[in-house]
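The values are calculated or read from the model by the stated rules, or taken from the named source; none is laboratory data. Keep in mind that what you see is a predicted model, and the values were worked out from it rather than measured. Using ideal geometry, Cβ is built from the backbone for each residue, glycine included, and neighbour counts are taken over all protein chains shown.
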Amino acid sequence: MSSGLNGQNFAFNGYLPIDRTDKKNKIKELEKTSHQQNQSQIFIETPYRNNKMLEDLTKTLSGDTNLCIACDITLSTEYIKTLSVNEWKKNKINIDKKPAIFIIHKD
């Protein structure tokens, strides 16, 4: 709900592949599914790979795709922000070793 993305139609995808090519293909597949089905795509990453995941997402997704990053949910350090991929490219954050979820939605 805090993401501002579609909470009525979403899919939880767990972890994405570790292999670079497989991960890129899965990200593209999730983006396509999101657009075709108006469905938010939720996934997680091992906390020590969060920064790499963000880098991969900003390199792979279309610039107008919305990306929500939610870290430390329910803690005093909670961080939830949704921006377009183009905006994330300008707003670097450090989410290393923080429990996080990623949500993408392509209109």
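A few comments on the model shown:
- Across segment 16-74, the number of residues qualifying as small (Gly, Ala, Ser) and over 14 Å from residue 84 (Cβ atoms) comes to 2.
- Every pair of residues 6+ apart whose Cβ atoms lie under 7 Å, when the first sits in segment 59-73 and is without any contact (Cβ under 8 Å) to a residue 40 or more places away in the chain and at negative phi while the second is assigned to a loop (DSSP other than H, G, I, E, B) and surrounded by 13 or more Cβ atoms within 10 Å (Cβ to Cβ): 67/61; 69/95; 71/95; 71/98; 71/99
- From 104, 73, 93, residue being β-branched (Val, Ile, Thr), farther than 18 Å from residue 18 by Cβ and at pLDDT 95 or above: 104
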